[in-house]
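Here's the structure we're looking at; comments come further down.
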Amino acid sequence: MLTVAAPQPLAAPSAASRRAAAVPLETQRAVEQFLYRQAELLDTKQWQGFIDLFAPDGIYWAPAHPAQVTGDGEPSIFFEDRDLMAIRMKRILHPRAWSQKTEWLTNHVVSNVIVEDHDAASGAVTCRSRFHLMEFRRDAVRHFGGSYVHRLVKADGDYRITLQRVDMVNGEGTYEYVLQAWV
Amino acid sequence: MTRYSLKDIGGMVEPDRVHRSVYTDPELFELEMERIFNKVWTYVGHESQVKKPGDYWTVMIGRQPMIMIRHDDGNIYVLYNRCPHRGNLLIGQRSGNAEKSITCSYHAWQFHFDGTSKAIPIAKGYEGTRLDLESPACAIKRAPRVDSYRGFVFASLADHGPSLLEWLGPSRIAFDQMCDRAPDGEVEVVPTCFRILQKSNWKFFLENQLDVAHAVITHESAGRAAAEMEEEVRRRDGSAPIDYHFLSGFTLPLGAFDKMTTINYPSGHSVLEGYMSLRPQDPISLDYEGIMQQKYGEARTNQILDTNIHHVICYPVLSIQPPLQQLRAIRPLAVDQTLTELWHFRLKGAPEPIYRRALGYFNLVNSPSTMVNADDLWNFRKQHEGLSSDGGEWVSLHRYAGQDEELPGSVRTRIGTSEAPLRNYFRAWAGYMAVGN
């Protein structure tokens, strides 16, 4: 079962620093580079490249509420496997995706990367981070901010996402227009 | 006072076209608030949103901030969200439980969940003043009328007018169909409400719900993308998720949409029949049908499940899709701003996989990441901006005008892509707007 809770407050700074210290620097750096690359793929609209970051059974999930621990059987803002992601990509790239006629651009900044779990044997990692997304579309700017949790596995020497959880702090607010691509 | 006479407003609506100002004029919007939204029954919420005493949801009726709340006696009240003392909003959250009482944060005036006064601290300061603490002036004002139909709660700000049952009229089929499809005869709300703000007049949204002709054009991209993947997944796995069809249905030839029917009533309410085949014969559906037959018997089950309604409009406040348990409530905020609240429901007594279909539709079509409404909302926005221009005065509603079947008490389309529902909405609109009290 694909479940992951929203990031919980860390117990105390000392506990956090102990955990962080247990992660090798190369792992920390590799995870950060992976997250930056994912953000870059979104901002440069390399949709297939984005999808390919996911493992074959990988899920991209933005819950409707922070308290959710699964999108399976519960409403979500996004709950997509690679096939649904492919539909989203194909729609965006279709020549008559009318809402795409208006140029829109995004800027993602990812930061505060904390490796929470690290399995030295398999290389699997669970990490949390914070993001800020600024979108510009037809003279208007929108902002979304929040946290990511990534569950990563190692495949062919690189990370693949088995589950990405996206919690937007303004996710429960009113949407002026919709989200056409991933956050 | 408005500069528009009843005759002026009547002249904006012709049988086959309307004047653009009905969408864009802020003064007409104010009149709509007064003459339509302050009079009709507005959908407030579902009883299952407020299960325990003190449970509440806040909601707008026209311009009025209201609270739907469950009282200790089990009844649901709809109250103005305003303290009778100095006028504060009493509840600032969207939903929650008021615990012991509704308490104002300013001077702690406290109220029972039916709005009556419970306690007023420092009450002795009112001795010898004109304020009688026992009078209704110290209670929260209630919506003049509240009623519910099969668990769906409505309120009206008018103290007289048709009863809820009369007002719903033939649109009751939306709630009957939704509840009858539940083996237990009722539905339960899934308490996630997605809210989308449209920068356009509320009528565009309502029109689009029954504009059968737009689907293959506006949603071509979503339809093609889903159809491609449906095919690919079917080749790979033998079958594709049923949800994909909610999108790939848009690739049907236009002729298929012409085979649908809309039934349009003088109240503005409309029913769209026969879009997708909603009685699939897969093992999940057959299991569900078996449960239905145990509860209702075979004949009644067939009657319920063969009713192929795609959409019902309760003009002008609701759009409901009974077979998929979806409900969209419309809250006009300004002439060019409309909030839609999107809900879905669980059929009580139905197996979990049946709920998954409603959920699939909710996630794919009604969530903030919708691949469908992305193109609709873009149309609404451009329609509003286009009609704000001086490039033309009239909006065409001519498609198959004069070619629908006029029956006693309803207009039935012969061709699905007829703009009959739109013509009918405006007849109802003029009925509210251009007729004196």
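The values are calculated or read from the model by the stated rules, or taken from the named source; none is laboratory data. Quantities reported herein were computed from a predicted structural model and do not represent experimental measurements. Here the Cβ positions follow ideal geometry from the backbone for every residue, glycine too, while neighbour counts run over all protein chains shown.
Quick notes on this one:
- Every test in (1) away from every other protein chain (no Cβ under 14 Å); (2) more than 15 Å from the chain's Cα centre (by Cα); (3) in a helix (DSSP H, G or I); (4) in contact (Cβ under 8 Å) with a residue 60 or more places away in the chain is passed by A:Ala39 save one, and that test is (2).
- In summary, B:Ala158 fulfils each of the numbered conditions (1) surrounded by 15 or more Cβ atoms within 10 Å (Cβ to Cβ); (2) in contact (Cβ under 8 Å) with a residue 60 or more places away in the chain with the single exception of condition (1).
- In region B:214-240, the residues that are at the interface with chain A (Cβ under 7 Å from one of its Cβ atoms) and among the polar types (S, T, N, Q): B:Thr218, B:Ser221
- Residue in region B:310-321 that is over 22 Å from B:Gly223 (Cα atoms), touching a Ser or Thr at 6+ places or on another chain (Cβ under 9 Å), among the aliphatic types (A, V, I, L, M) and within 12 Å of chain A (Cβ to nearest Cβ) present: no
- Region A:77-95, residues that are surrounded by fewer than 23 Cβ atoms within 10 Å (Cβ to Cβ), more than 14 Å from B:Ala374 (Cβ to Cβ) and facing chain B (nearest Cβ under 7 Å): A:Asp83, A:Ala86
- Checking the stated criteria, B:Gly128 turns out to be in a loop (DSSP other than H, G, I, E, B), of a type in the set (Gly, Ala, Ser) and more than 14 Å from chain A (Cβ to nearest Cβ).
Residue-by-condition table, conditions (1) touching a strand residue (DSSP E or B) at 6+ places or on another chain (Cβ under 6 Å); (2) at pLDDT 95 or above:
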| position | (1), (2) |
| --- | --- |
| A:Ala20 | no, no |
| A:Gln33 | no, yes |
| A:Glu40 | no, yes |
| A:Tyr60 | yes, yes |
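- Number of residues in region A:166-179 that are more than 9 Å from chain B (Cβ to nearest Cβ) and touching a Pro at 6+ places or on another chain (Cβ under 7 Å) equals 1.
- Counting only strands (runs of 3 or more DSSP E) that fall entirely inside region B:342-426 and contain at least 2 residues that are buried (at least 22 other Cβ atoms within 10 Å of the Cβ), at pLDDT 95 or above and within 14 Å of chain A (Cβ to nearest Cβ), no element qualifies.
- Whichever residue in region A:46-67 is touching a residue at least 60 places away in the same chain (Cβ under 8 Å) and in a loop (DSSP other than H, G, I, E, B) and, among such residues, is nearest to the other protein chains (Cβ to nearest Cβ): A:Ala64
- Candidate set: region A:96-105, residues that are more than 7 Å from chain B (Cβ to nearest Cβ), in contact (Cβ under 8 Å) with a residue 24 or more places away in the chain and of a type outside the set (Asp, Glu); chosen: the one nearest to A:Met134 (Cα to Cα): A:Leu105
- So B:Gly74, is it in a loop (DSSP other than H, G, I, E, B) and at positive phi: yes
- Counting only strands (runs of 3 or more DSSP E) wholly contained in region A:117-183, the ones carrying 1 or more residues that are of a type in the set (Phe, Trp, Tyr) and farther than 19 Å from A:Pro63 by Cβ occupy A:125-137, A:158-168.
- When region A:105-127 is filtered for residues that are under 23 Å from A:Ile77 (Cα atoms), surrounded by fewer than 16 Cβ atoms within 10 Å (Cβ to Cβ) and not β-branched (Val, Ile, Thr), the ones remaining, listed by number, are A:Leu105, A:Asn107, A:Ser111.
- Selection from region B:25-43 of residues that are under 25 Å from B:Phe113 (Cβ atoms) and surrounded by fewer than 23 Cβ atoms within 10 Å (Cβ to Cβ): B:Asn38
- Identity of the residue in region B:138-169, among the β-branched types (Val, Ile, Thr) and in a strand (DSSP E or B), that ends up farthest from B:Pro322 (Cα to Cα): B:Val146
- Whichever residue in region B:297-316 is in contact (Cβ under 8 Å) with a residue 60 or more places away in the chain and under 21 Å from B:Lys259 (Cα atoms) and, among such residues, is farthest from the chain's Cα centre (by Cα): B:Leu305
- Number of positions in region B:239-269 that are of a type in the set (Gly, Ala, Ser), surrounded by fewer than 18 Cβ atoms within 10 Å (Cβ to Cβ) and not in a helix (DSSP H, G or I): 1
- Unique residue being surrounded by 16 or more Cβ atoms within 10 Å (Cβ to Cβ), more than 17 Å from A:Val110 (Cβ to Cβ), charged (D, E, K, R) and away from chain B (no Cβ under 14 Å) when the list is A:Arg151, A:Arg130, A:Arg142, A:Arg160: A:Arg160
- Residues of region B:16-35 classified as in a loop (DSSP other than H, G, I, E, B) and either modelled with pLDDT under 95 or within 25 Å of the chain's Cα centre (by Cα) (or both), total: 2
- Qualifying residue in region B:225-242 (condition: of a type in the set (Ser, Thr, Tyr), in the same structural domain as B:Pro183 (by TED's automatic domain parsing) and in contact (Cβ under 8 Å) with a residue 40 or more places away in the chain): no
- For B:Ser367, the stated conditions do not hold, so it cannot be described as touching a Lys or Arg at 6+ places or on another chain (Cβ under 9 Å) and assigned by TED's automatic domain parsing to the domain that holds B:Ala225.
- For region B:190-238, the tally of residues that are assigned to a helix (DSSP H, G or I), under 30 Å from B:Asp25 (Cα atoms) and of a type in the set (Asp, Glu) stands at 1.
- Scanning region B:36-71 for residues that are basic (Lys, Arg) and part of a strand (DSSP E or B) yields one hit, B:Arg70.
- Test for B:Gly74: is it within 30 Å of B:Glu134 (Cα to Cα), of a type outside the set (Ser, Thr, Tyr) and free of Cβ contacts under 8 Å to residues at least 60 places away in the same chain: yes
- Scanning region B:295-308 for residues that are farther than 19 Å from B:Tyr355 by Cα, assigned to a helix (DSSP H, G or I) and at pLDDT 95 or above yields B:Tyr296, B:Glu298, B:Ala299, B:Arg300.
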